[in-house]
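This report refers to the structure that appears directly beneath it.
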Amino acid sequence: MELLFLGTGAGIPAKHRNVSSIAIQLLQERGTTWLVDCGEATQHQILHTSIKPRRIEKIFITHLHGDHIYGLPGLLGSRSFQDGQSALTVYGPSGIKEFISVTLSVSQTHVRYPLKIVEVEEGIIFEDDTFKVECQLLEHGIPSYGYRITEKSLPGILLVDKLKEVGIKPGPIYQKIKQGEQVELENGTVINGADFVGPPKKGKVIVILGDTRICKKSIELASHADVLVHEATFAGNDEQLAYDYFHSTAKQAAEVAKRANVKQLILTHISSRYQADSIQLLVHEAKEIFEQTEVAEDLKMIPIPN
């Protein structure tokens, strides 16, 4: 599982930062890619990566400001011309269905794959046997959601050495044992497969927040996450400006990370007023509160730690 940042800027594109979009690479876990937000020119950014649009399975939109959705109609249309036949689901606030329907209709864009649009409310919005996704409403000028993506616990490893110790040789029987089944051996002995499987491996948790002021729900949603991706539109000396525009400072993002007891904080949605050395100011301010902080850059890949 890896995060690939396609756009890390706030508001408008800049020379070194495109507007918001994050890819969650789940190639080993599901053979797919998920996106969170799809700002203008997201598909152009994808051209510089190994992402295949046909493998994009889900797109989660945090809110309906243009810098988070203007790239969506183009990507949905282009996917039809890039062998995209598998189903795709777009999740987002109320209004996302109308935005997609109108833009595709007016431009006479016809997608050639099953497209499902889900307008979300707080709570669990997706769950299967490998992942659960839940969202909470944050504090922004329009409805803006944060998404908590939880990988379910993985089965424990098969204790091969222990099996060999009792004389069980490799073969199809190993698969049954790994599934925890009771297995009868050739000599009539019955063993419990669960005795030969290690403890389950805890799945990873990623929390990606939309634009927001510092708020209680951010902390609740991020609780004990492996990685928190939090906007840091402004520096600490612009705290009043951040509040007035329903955004956060780098220091406030770090405060959320600390209070939520996360393992790693990644700052994104950086205002274009911060360039070069001033970016390090944001990082320094955040690290004074939460040491395990880094700032996202366009096209930067960040593995999710175990």
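Details
- Table column - 3J(HN,Hα) (Hz), region 185-193, Karplus curve with 6.51, -1.76, 1.60, x for Gly and Pro: 7, 4, 7, x, 5, 10, 10, 9, x
- Within the listed set Ile100, Ile279, Ile177, the residue fluctuating most in the Gaussian network model of the chain (springs between alpha-carbon atoms under 10 angstrom) is Ile177.
- Helix 250-260 axis, angle to the chain major axis (alpha carbon atoms, nearest 10°): 30 degrees
- To the nearest ten degrees, helix 96-106 and the longest principal axis of the Cα atoms of the chain are 70 degrees apart.
- Pairwise centroid distance, computed over Cα atoms, of region 10-80 with region 174-204, Å: 42 Å
- Look at the Cα gyration tensor of region 1-143: its axes a ≥ b ≥ c give a/c under 1.5, and that counts as rounded.
- Entries of Lys52/Lys152; Lys202/Lys287; Lys58/Lys132; Lys15/Lys300; Lys216/Lys251 with Cα pairs more than 22 Å apart: Lys52/Lys152; Lys202/Lys287
- Cα-centred dipole magnitude for the chain, charges only on beta-carbon of K, R (+1) and D, E (-1), debye, nearest 20: 640 debye
- Helix 277-287 and the longest principal axis of the Cα set of the chain meet at an angle near 50°.
- Sequence of Ser21, Ser271, Ser105 once ranked by neighbouring C-beta atoms within 10 Å, starting from the fewest: Ser105, Ser271, Ser21
- Phi angles across region 295-301 convert, under the Karplus curve 6.51 cos²θ - 1.76 cosθ + 1.60 with θ = phi - 60°, into 3J(HN,Hα) values of 9, 6, 10, 4, 6, 8, 9 Hz, Gly and Pro given as x.
- The antiparallel fraction among DSSP beta bridges confined to the chain stands at about 55%.
- Three-way shape call for region 67-173 based on the alpha-carbon gyration tensor, with the a/c threshold at 1.5: oblate
- Cα gyration tensor category, rounded, prolate or oblate, for region 184-282 with a/c compared to 1.5: prolate
- Listed residues Asp226, Asp37, Asp161, most fluctuating in the chain (Gaussian network, C-alpha, under 10 Å): Asp161
Read-outs throughout are calculated quantities, based only on the coordinates presented, and are distinct from any laboratory measurement. Given the structure is predicted, the values throughout are model-derived calculations rather than measurements. Heads up, the Cβs are rebuilt from the backbone with ideal geometry, glycines too, and the neighbour counts pull from every protein chain shown.
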